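Chemist: First the structure, then my questions, so here it is.
The values are calculated or read from the model by the stated rules, or taken from the named source; none is laboratory data. Since the structure is predicted, the reported quantities are computational estimates derived from the model, not experimental observations. Don't worry about glycine lacking a Cβ; one is built from the backbone with ideal geometry, like all the others, and counts go over all protein chains shown.
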Amino acid sequence: MSSFMRTFARNRGAVIGLCILAVVIIVAVLAPLLYPGSPWRMVHRPFLAPFVLDRAPLGSDTVGRDILAGLVHGARVSLLIGLVSTLVALLVGVPLGAVSGYFGGWVDAALMRVTEFFQTIPSFALAIVIVSILQPSVASIVLAIAIVSWPPVARLVRGEVLSIRTRDYVQAAVVTGLPVRKIILGEVLPNVISPVIVLASLMTATAILLESSLSFLGLGDPNVMSWGYMVGSGRSRVLDQWWISFIPGSAIFVTVLALNLIGEGLNDAFNPTLRGRRT
């Protein structure tokens with residue numbers, strides 16, 4: 001663990017990304033304390049420019065809502081959807097990939113055909129269809145993102161398990177008569193965790209982008225404030241009232257960049273080959 005932390009700390013981009021993400025998480029957790037009122041309240045006149053009034057340091061939107069209040073509360077929704085949808089995708093993709101890679105044969109063929117079917121459908125189009133059918137809500141957005149996100153997880157885990165199942169310690173467990181469930185959970189999956197963690201960090205970033213895109217198109221939950229909704233609410237005035245879309249868009253960009261930097265750092269720390277090259 002100490003070697004992992006040292007290698008991760010050498011990656012300045014990863015450390016910066018971790019600090020940025022920590023700030024975003026702290027702001028999201030403290031949102032009710034920082035802005036106890038509803039972010040939907042119209043507290044100022046519309047189109048207040050940023051960095052002018054102390055009461056609205058980032059300006060106001062088209063109907064007079066405080067952009068900073070929306071930004072703070074929107075962080076909770078965007079992070080929540082990103083993390084929960086990634087967790088659901090992992091809960092689906094990891095078991096399917098492990099079973100497919102371990103058993104092989106017709107089981108592998110059947111599960112991979114199902115996986116390939118989902119991968120042939122454009123992810124964003126499928127997410128739009130699912131949210132439209134189920135009606136826009138946080139639950140339907142999480143479900144849609146999870147459905148379009150699990151196939152890469154399954155394929156990654158399958159590839160790792162195909163390699164691991166032939167190793168001596170797994171074959172020794174088979175010879176001793178250890179149940180298949182214990183072999184997969186105790187001998188195989190612990191050695192797949194590293195690439196899955198790296199992929200999860202990148203999936204979270206993708207999920208935030210996908211949620212923002214859905215909200216931008218008007219398919220976000222109408223009862224919660226999100227960064228994507230804020231970007232979409234100002235798209236008709238982007239030329240003269242640029243800050244309405246630019247500020248939440250910048251928050252999305254910085255958060256996604258931070259997650260990608262963290263993913264790169266985790267990949268370097270977990271991958272012995274890359275670790276050796278950097279030392």
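Chemist: Considering only segment 97-113, state which residues are of a type outside the set (Phe, Trp, Tyr), surrounded by 13 or more Cβ atoms within 10 Å (Cβ to Cβ) and more than 20 Å from the chain's Cα centre (by Cα).
Modeler: Ala98, Val99, Ser100, Gly101, Gly104, Val107, Asp108, Leu111, Met112
Chemist: Yes or no: Leu96 more than 30 Å from Pro32 (Cα to Cα) and either assigned to a helix (DSSP H, G or I) or not charged (D, E, K, R) (or both)?
Modeler: Yes, satisfied.
Chemist: Quick one: is Ser149 in a helix (DSSP H, G or I) and surrounded by fewer than 22 Cβ atoms within 10 Å (Cβ to Cβ)?
Modeler: no
Chemist: Look through segment 243-279, keep the residues that are among the β-branched types (Val, Ile, Thr), assigned to a helix (DSSP H, G or I) and modelled with pLDDT under 90, and return whichever of them is nearest to Gly70 (Cα to Cα).
Modeler: Ile244
Chemist: Next question. Scan segment 200-208 and tell me whether some residue there is buried (at least 18 other Cβ atoms within 10 Å of the Cβ), at pLDDT below 85 and either within 19 Å of Val142 (Cβ to Cβ) or not aliphatic (A, V, I, L, M) (or both).
Modeler: Within segment 200-208 (the criterion being buried (at least 18 other Cβ atoms within 10 Å of the Cβ), at pLDDT below 85 and either within 19 Å of Val142 (Cβ to Cβ) or not aliphatic (A, V, I, L, M) (or both)), the answer is no, since none of the residues qualifies.
Chemist: OK, next. Taking segment 113-139 on its own, how many of its residues are part of a helix (DSSP H, G or I) and free of Cβ contacts under 8 Å to residues at least 60 places away in the same chain?
Modeler: Of the residues in segment 113-139, 15 are part of a helix (DSSP H, G or I) and free of Cβ contacts under 8 Å to residues at least 60 places away in the same chain.
Chemist: State whether one or more residues within segment 248-262 are among the aromatic types (Phe, Trp, Tyr) and under 17 Å from the mean Cα position of the chain (by Cα).
Modeler: Yes; the residues of segment 248-262 include at least one that is among the aromatic types (Phe, Trp, Tyr) and under 17 Å from the mean Cα position of the chain (by Cα).
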